[in-house]
Amino acid sequence: MVKNGISTAVIKRLPRYYRYLGELMEAGTERISSNELSKLMNVTASQIRQDLNNFGGFGQQGYGYNVEFLYNEIGRLLGVDRRHNIIVVGSGHLGQAIANYANFERRGFIVKGMFDRNPDVIGKEIRGIKVMSMEEIEEFIRINKIEIAALTLPKQQAAEIAERLVGFGIRGFWNFAHIDLELPKGIVVENVHLSESLMRLSYNLTTINDK
(Lines give C-alpha, C1' and ligand atoms only; values in the text may rest on other atoms or scores of the structure.)
Protein backbone atom coordinates (compact mmCIF):
# COMPACT_ATOMS: atom_id res chain seq x y z
CA MET A 1 0.00 0.00 0.00
CA VAL A 2 1.32 3.47 -0.91
CA LYS A 3 0.44 6.76 0.76
CA ASN A 4 1.60 10.03 -0.81
CA GLY A 5 4.09 8.00 -2.84
CA ILE A 6 5.59 6.37 0.29
CA SER A 7 4.88 2.72 1.02
CA THR A 8 3.22 1.74 4.30
CA ALA A 9 6.20 -0.51 5.07
CA VAL A 10 8.56 2.49 4.98
CA ILE A 11 6.24 4.56 7.18
CA LYS A 12 6.06 1.72 9.71
CA ARG A 13 9.85 1.68 9.97
CA LEU A 14 10.15 5.40 10.72
CA PRO A 15 9.30 5.12 14.46
CA ARG A 16 11.99 2.44 14.79
CA TYR A 17 14.58 4.72 13.19
CA TYR A 18 13.47 7.47 15.54
CA ARG A 19 13.87 5.25 18.60
CA TYR A 20 17.34 4.05 17.69
CA LEU A 21 18.53 7.54 16.79
CA GLY A 22 17.23 8.81 20.13
CA GLU A 23 19.26 6.14 21.92
CA LEU A 24 22.35 7.10 19.88
CA MET A 25 21.90 10.74 20.85
CA GLU A 26 21.64 9.79 24.52
CA ALA A 27 24.90 7.83 24.13
CA GLY A 28 26.60 10.92 22.66
CA THR A 29 26.94 9.62 19.10
CA GLU A 30 27.21 12.53 16.65
CA ARG A 31 27.23 10.71 13.32
CA ILE A 32 26.64 7.24 11.98
CA SER A 33 26.89 5.45 8.66
CA SER A 34 24.12 3.36 7.13
CA ASN A 35 26.30 0.27 7.65
CA GLU A 36 26.70 1.01 11.37
CA LEU A 37 22.99 1.74 11.74
CA SER A 38 22.11 -1.46 9.90
CA LYS A 39 24.06 -3.54 12.43
CA LEU A 40 22.17 -1.94 15.31
CA MET A 41 18.73 -2.28 13.73
CA ASN A 42 19.18 -5.57 11.86
CA VAL A 43 18.04 -3.86 8.65
CA THR A 44 20.25 -3.84 5.56
CA ALA A 45 22.20 -0.67 4.84
CA SER A 46 20.66 -0.50 1.36
CA GLN A 47 17.16 -0.66 2.90
CA ILE A 48 18.02 2.22 5.24
CA ARG A 49 19.31 4.32 2.35
CA GLN A 50 16.26 3.51 0.22
CA ASP A 51 13.88 4.38 3.08
CA LEU A 52 15.54 7.71 3.84
CA ASN A 53 15.89 8.62 0.16
CA ASN A 54 12.09 8.74 0.04
CA PHE A 55 12.34 11.88 2.17
CA GLY A 56 15.47 13.47 0.72
CA GLY A 57 18.25 11.19 1.91
CA PHE A 58 19.68 13.27 4.80
CA GLY A 59 23.15 11.69 4.47
CA GLN A 60 26.46 12.82 2.99
CA GLN A 61 28.86 10.65 1.01
CA GLY A 62 31.82 9.72 3.18
CA TYR A 63 30.24 11.25 6.29
CA GLY A 64 27.07 9.28 6.91
CA TYR A 65 24.20 10.77 8.91
CA ASN A 66 24.26 13.49 11.51
CA VAL A 67 22.39 11.70 14.30
CA GLU A 68 20.71 14.73 15.87
CA PHE A 69 19.70 16.21 12.52
CA LEU A 70 18.26 12.90 11.28
CA TYR A 71 16.46 12.36 14.59
CA ASN A 72 14.84 15.79 14.36
CA GLU A 73 13.90 15.36 10.70
CA ILE A 74 12.27 11.98 11.28
CA GLY A 75 10.50 13.46 14.30
CA ARG A 76 9.14 16.18 12.04
CA LEU A 77 7.95 13.59 9.50
CA LEU A 78 6.22 11.65 12.28
CA GLY A 79 4.64 14.81 13.63
CA VAL A 80 6.18 14.42 17.09
CA ASP A 81 7.75 17.87 16.86
CA ARG A 82 4.35 19.28 17.79
CA ARG A 83 1.77 18.61 20.48
CA HIS A 84 -1.15 16.22 20.05
CA ASN A 85 -3.96 16.35 22.61
CA ILE A 86 -5.48 12.94 23.39
CA ILE A 87 -8.46 11.60 25.28
CA VAL A 88 -8.77 8.03 26.52
CA VAL A 89 -12.25 6.57 26.17
CA GLY A 90 -12.59 3.57 28.44
CA SER A 91 -10.93 3.78 31.85
CA GLY A 92 -10.33 0.13 32.68
CA HIS A 93 -6.89 -1.38 33.20
CA LEU A 94 -5.67 -0.69 29.65
CA GLY A 95 -6.97 2.87 29.59
CA GLN A 96 -5.34 3.55 32.94
CA ALA A 97 -2.06 2.07 31.73
CA ILE A 98 -2.06 4.44 28.74
CA ALA A 99 -2.75 7.43 30.97
CA ASN A 100 0.00 6.37 33.38
CA TYR A 101 2.66 6.00 30.67
CA ALA A 102 4.58 9.26 31.04
CA ASN A 103 6.84 8.58 28.03
CA PHE A 104 4.02 9.57 25.64
CA GLU A 105 4.41 13.17 26.80
CA ARG A 106 8.06 13.15 25.73
CA ARG A 107 6.82 12.46 22.20
CA GLY A 108 4.26 15.27 22.32
CA PHE A 109 1.20 13.10 23.00
CA ILE A 110 -0.63 14.69 25.93
CA VAL A 111 -3.47 12.79 27.62
CA LYS A 112 -5.87 15.58 28.51
CA GLY A 113 -8.92 13.62 29.66
CA MET A 114 -10.40 10.21 30.38
CA PHE A 115 -14.01 9.11 29.92
CA ASP A 116 -16.17 6.18 30.93
CA ARG A 117 -19.79 5.10 31.37
CA ASN A 118 -19.10 3.12 34.53
CA PRO A 119 -20.19 5.13 37.60
CA ASP A 120 -17.67 3.18 39.70
CA VAL A 121 -14.72 4.82 37.92
CA ILE A 122 -16.18 8.27 37.12
CA GLY A 123 -14.54 10.79 39.42
CA LYS A 124 -11.46 8.63 39.96
CA GLU A 125 -8.09 10.29 39.25
CA ILE A 126 -5.43 8.59 37.12
CA ARG A 127 -2.08 10.39 37.28
CA GLY A 128 -3.87 13.62 38.04
CA ILE A 129 -6.47 13.13 35.29
CA LYS A 130 -10.06 12.90 36.46
CA VAL A 131 -12.27 10.31 34.78
CA MET A 132 -15.38 12.06 33.42
CA SER A 133 -18.73 10.80 32.20
CA MET A 134 -19.46 10.40 28.50
CA GLU A 135 -22.03 13.23 28.75
CA GLU A 136 -19.15 15.69 29.19
CA ILE A 137 -17.08 14.55 26.23
CA GLU A 138 -18.35 16.81 23.43
CA GLU A 139 -17.68 20.06 25.28
CA PHE A 140 -14.34 18.78 26.56
CA ILE A 141 -13.16 17.97 23.00
CA ARG A 142 -14.15 21.42 21.79
CA ILE A 143 -12.56 23.37 24.66
CA ASN A 144 -9.32 21.36 24.73
CA LYS A 145 -8.84 21.01 20.96
CA ILE A 146 -8.58 17.22 21.13
CA GLU A 147 -7.17 15.60 18.01
CA ILE A 148 -6.84 11.91 18.94
CA ALA A 149 -9.01 9.46 20.86
CA ALA A 150 -7.58 6.25 22.31
CA LEU A 151 -10.38 3.68 22.44
CA THR A 152 -10.04 0.98 25.11
CA LEU A 153 -13.62 -0.25 24.92
CA PRO A 154 -15.54 -3.46 24.30
CA LYS A 155 -16.03 -3.85 20.56
CA GLN A 156 -19.81 -3.56 20.95
CA GLN A 157 -19.39 0.06 22.02
CA ALA A 158 -16.39 1.12 19.96
CA ALA A 159 -18.04 1.65 16.56
CA GLU A 160 -20.93 3.67 17.97
CA ILE A 161 -18.70 5.87 20.12
CA ALA A 162 -16.16 6.37 17.32
CA GLU A 163 -18.89 7.68 15.01
CA ARG A 164 -20.02 10.10 17.73
CA LEU A 165 -16.46 11.31 18.26
CA VAL A 166 -16.01 11.95 14.54
CA GLY A 167 -19.04 14.21 14.77
CA PHE A 168 -17.40 16.04 17.67
CA GLY A 169 -14.25 16.72 15.62
CA ILE A 170 -11.91 13.83 16.40
CA ARG A 171 -9.77 13.00 13.35
CA GLY A 172 -7.45 10.29 14.69
CA PHE A 173 -8.22 7.05 16.53
CA TRP A 174 -5.83 4.79 18.40
CA ASN A 175 -8.13 1.80 18.53
CA PHE A 176 -7.57 -1.04 21.02
CA ALA A 177 -11.11 -2.40 20.66
CA HIS A 178 -11.29 -5.82 19.02
CA ILE A 179 -12.87 -4.45 15.86
CA ASP A 180 -11.62 -2.76 12.69
CA LEU A 181 -13.35 0.59 12.59
CA GLU A 182 -14.92 1.78 9.36
CA LEU A 183 -15.04 5.56 9.47
CA PRO A 184 -15.44 8.33 6.87
CA LYS A 185 -12.66 9.29 4.49
CA GLY A 186 -10.19 11.66 6.10
CA ILE A 187 -10.34 9.94 9.48
CA VAL A 188 -7.11 8.16 10.46
CA VAL A 189 -7.34 4.90 12.42
CA GLU A 190 -4.50 2.89 13.91
CA ASN A 191 -5.89 -0.48 15.00
CA VAL A 192 -3.93 -2.21 17.77
CA HIS A 193 -5.03 -5.83 18.20
CA LEU A 194 -3.04 -7.16 21.15
CA SER A 195 -4.35 -10.71 20.76
CA GLU A 196 -3.19 -10.84 17.13
CA SER A 197 0.30 -9.77 18.17
CA LEU A 198 0.35 -12.49 20.81
CA MET A 199 -0.80 -15.09 18.28
CA ARG A 200 2.00 -14.06 15.89
CA LEU A 201 4.43 -14.59 18.75
CA SER A 202 2.86 -18.00 19.41
CA TYR A 203 3.15 -18.94 15.72
CA ASN A 204 6.84 -18.02 15.63
CA LEU A 205 7.53 -19.95 18.82
CA THR A 206 5.69 -22.99 17.42
CA THR A 207 7.63 -22.77 14.16
CA ILE A 208 10.96 -22.66 16.00
CA ASN A 209 10.00 -25.54 18.29
CA ASP A 210 8.89 -27.69 15.34
CA LYS A 211 12.23 -27.41 13.56
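The values are calculated or read from the model by the stated rules, or taken from the named source; none is laboratory data. These numbers were taken from a predicted model, which means no experiment stands behind them. No Cβ is skipped: glycine too gets one built from the backbone with ideal geometry, and neighbour counts run over all protein chains shown. Quick note on the areas: whole protein, heavy atoms, side chains included, nothing else; ligands and nucleic acids left out. Shrake-Rupley method; radii C 1.70, N 1.55, O 1.52, S 1.80 Å.
With q set to 0.19, 0.23 Å⁻¹, the log10 of I(q)/I(0) for segment 122-168, from the Debye formula over equal scatterers at the Cα positions, is -0.70, -1.01. Shown here for segment 96-140: trypsin sites (Lys or Arg not before Pro) in loop regions (DSSP other than H, G, I, E, B) with at most 13 other Cβ atoms within 10 Å, namely Arg127. A straight chain from Gln47 to Glu26 at 0.36 nm per residue would run longer than the Cα-Cα distance by 5.1 nm.
Within the listed set Met132, Met114, Met25, the Gaussian network model of the chain (springs between alpha-carbon atoms below 10 Å) gives the highest mean-square fluctuation for Met25.
For Leu40, the accessible area of its heavy atoms, probed at 1.4 Å with every protein chain present, is near 90 square angstrom. One compactness figure for the chain is 1.19, namely its Cα radius of gyration divided by 2.2 N^0.38 Å. Taking the Cα atoms of segment 42-93, the ratio Rg/Rh between the radius of gyration and the Kirkwood radius comes to 1.20. Between Ile122, Val111, Gly92, the Cα set farthest toward the positive side of the dipole of segment 88-147 (charges on each charged residue's Cβ, about the Cα centre) is that of Val111.
From helices alone, the chain scores -14000 deg cm²/dmol at 222 nm; the rule is -39500 (n - 2.57) for each run of n ≥ 4 DSSP H residues, then divide by the residue total.
Tell me, how many Å apart are the Cα centres for segment 133-157 and for segment 179-211? Cα centroid of segment 133-157 versus Cα centroid of segment 179-211: 24 Å apart. The count of lysine pairs in the chain with alpha-carbon distances below 29 Å, taking only pairs 8 or more places apart or on different chains, stands at 23. Here the chain exposes an accessible surface that is 49 percent carbon and sulfur, computed with a 1.4 Å probe and the other protein chains kept in place.
Please work out, to two decimal places, the log10 of the ratio I(q)/I(0) at q = 0.14 Å⁻¹ from a Debye calculation in which every Cα of segment 143-211 carries one identical scatterer. Each listed q maps to, in turn, -0.50. With both residues required to sit in the chain, DSSP beta bridges show an antiparallel share near 25%.
Surface exposure of segment 88-211, expressed per residue as accessible area with a 1.4 Å probe, stands at 62 Å². The spacing between segment 28-82 and segment 85-99, judged by their C-alpha centroids, is 33 Å.
Report the local net charge at Ser38: Lys and Arg +1, Asp and Glu -1, summed over other residues whose C-beta lies under 14 Å from its C-beta. So the environment of Ser38 carries a net charge of +2. Rounded to the nearest 5, the antiparallel percentage of DSSP beta bridges internal to segment 116-196 is 20%. Rounded, prolate or oblate: which one fits segment 16-125, using the alpha carbon gyration tensor with axes a ≥ b ≥ c (rounded when a/c is under 1.5, else prolate when a/b beats b/c, else oblate)? Note, shape of segment 16-125 comes out prolate.
A simple charge model with +1 on the Cβ of Lys and Arg, -1 on the Cβ of Asp and Glu and nothing else charged puts the dipole of the chain at about 380 debye relative to its Cα centre.
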